[in-house]
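Since every read-out is calculated from the coordinates, none of them should be taken as a lab result. The structure displayed is predicted, hence computed values, not measured ones. Ideal geometry is used to build each Cβ from the backbone, glycine not excepted, and the neighbour counts take in all protein chains shown.
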Amino acid sequence: MALLVLVRHGESQWNLENRFTGWVDVPLTEKGRAEARRAGELLREVRFDCAFTSVLQRAIETLDIVLEVIGQQGIPIERDQALNERHYGDLQGLNKAETAKKFGEEQVHLWRRSYNIAPPGGESLEDTAARTLPYFEGRIMAAVQQGKNVLVSAHGNSLRSIVMKLDGLTKEQVLGLNLATGVPLVYEFDGSMKLLSKRVLEH
C-alpha cells in the first residue's frame, strides 16, 4: 500500500488581503503557519518517504512546518515550478473586489472559474493542468507506484488539476472544487495502484 497526501498551503498574506496571487512569492500569515502546524498534527501517524512542493515560499514553508511537526525533516524534497499556483497574469496583486468593479463580476467570474478562459497575460486552469499533470504523473505518481508514501504541498489550482485527474472529474465538475488551506487530502492505493480510499483530514 502507498499513500498520496495533498496539502494546500496555509493562508498567505494575499489570501488575507483578497488579492490575486498567482506566481507572486508572498509569505504565509501567522494563521497560515498555524494551519500548517495543524496539518502536521493530523499527519503524525504517517511515515513519508519523500515530498514535493512548488518553488513558492508559501508552499515551501507549509511543507517545512508539517515536516518539523512530524519530525521527518530529513526526507528527500523536490521543488518544481510545475506545481506553482496558476499564473494570474495582469490580475496578480489586484484586490478581487476591486477587479470585479473594474472588469465586471461576470468577466472576473469567467477568469476565475471557467476551465479554459485565461485572464490577460495569465493561465487558465487548463493551462495549469497542462504543466502540472505531466510532472505529477512522471515524478509524484511514479514514487507512489514504487510503494512510497508521498507528501505534496502546493496550491489551490495546481492541486485542483491533480484532484481532477485522480477523481476523474469533468471540466464542469472541477469548477465547483474548492480545497481548503492546510487541510490534508489522503489517497490510499494498493500494490496494483487501485484506489482504496480517499479521506479529508478535517481540523
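Please verify whether region 158-172 includes one or more residues that are assigned to a loop (DSSP other than H, G, I, E, B) and surrounded by 13 or more Cβ atoms within 10 Å (Cβ to Cβ).
Checked region 158-172: at least one residue is assigned to a loop (DSSP other than H, G, I, E, B) and surrounded by 13 or more Cβ atoms within 10 Å (Cβ to Cβ).
(1) in contact (Cβ under 8 Å) with a residue 24 or more places away in the chain; (2) surrounded by 14 or more Cβ atoms within 10 Å (Cβ to Cβ); (3) at negative phi; (4) touching a helix residue (DSSP H, G or I) at 6+ places or on another chain (Cβ under 9 Å): which one isn't true of LEU42, the others all being true?
Single failed check for LEU42: (4).
Only residues that are of a type in the set (A, V, I, L, M) and either in contact (Cβ under 8 Å) with a residue 24 or more places away in the chain or under 27 Å from TYR135 (Cβ atoms) (or both): list them for region 7-39, please.
Listed by number, the residues that qualify are VAL7, VAL24, VAL26, LEU28, ALA34, ALA36, ALA39.
Just name the residue that is nearest to the chain's Cα centre (by Cα) out of those in region 87-118 that are touching a residue at least 40 places away in the same chain (Cβ under 8 Å) and in a loop (DSSP other than H, G, I, E, B).
The qualifying residue nearest to the chain's Cα centre (by Cα) is HIS87.
What about LEU3, is it closer than 30 Å to PHE189 by Cβ, crowded, with 23+ Cβ neighbours inside 10 Å, in contact with a strand residue (DSSP E or B) (Cβ under 7 Å, 6 or more places away or on another chain) and not aromatic (Phe, Trp, Tyr)?
no
Does GLU78 satisfy the condition of being charged (D, E, K, R), in contact (Cβ under 8 Å) with a residue 12 or more places away in the chain and in contact with a Cys (Cβ under 9 Å, 6 or more places away or on another chain)?
Here the answer is yes, as GLU78 does meet what is asked.
Which residues, taken from region 131-147, are assigned to a helix (DSSP H, G or I), surrounded by fewer than 16 Cβ atoms within 10 Å (Cβ to Cβ) and either touching a residue at least 40 places away in the same chain (Cβ under 8 Å) or among the polar types (S, T, N, Q) (or both)? Let's see the steps before the verdict.
So in region 131-147, the residues assigned to a helix (DSSP H, G or I) come out as 131-145.
Then drop every residue that is not surrounded by fewer than 16 Cβ atoms within 10 Å (Cβ to Cβ), which leaves 134, 137-138, 142, 145.
Selection gives PRO134, GLN145.
For region 122-161, what are the residues that are under 14 Å from the mean Cα position of the chain (by Cα) and among the small types (Gly, Ala, Ser)?
Selection gives ALA129, SER153, ALA154, GLY156, SER158, SER161.
Looking at THR62, THR128, which one is surrounded by 18 or more Cβ atoms within 10 Å (Cβ to Cβ), hydroxyl-bearing (Ser, Thr, Tyr), outside any loop (DSSP other than H, G, I, E, B) and in contact (Cβ under 8 Å) with a residue 60 or more places away in the chain?
Result of the check over THR62, THR128: THR62.
With the requirement that a residue be of a type in the set (D, E, K, R) and within 30 Å of LEU166 (Cβ to Cβ), what does region 97-134 give you?
ARG112, ARG113, GLU123, GLU126, ASP127, ARG131
Only one residue in GLU45, GLU41 is out of contact with any strand residue (DSSP E or B) (no Cβ under 9 Å at 6 or more places or on another chain) and either assigned to a helix (DSSP H, G or I) or among the β-branched types (Val, Ile, Thr) (or both), so which one is that?
Sole residue among the options that is out of contact with any strand residue (DSSP E or B) (no Cβ under 9 Å at 6 or more places or on another chain) and either assigned to a helix (DSSP H, G or I) or among the β-branched types (Val, Ile, Thr) (or both): GLU41.
Restricting to region 109-131, name every residue that is among the small types (Gly, Ala, Ser) and touching a Gly at 6+ places or on another chain (Cβ under 6 Å). Explain how you work it out, then say what you get.
Of region 109-131, the ones among the small types (Gly, Ala, Ser) are 114, 118, 121-122, 124, 129-130.
Listed by number, the residues that qualify are GLY121, GLY122.
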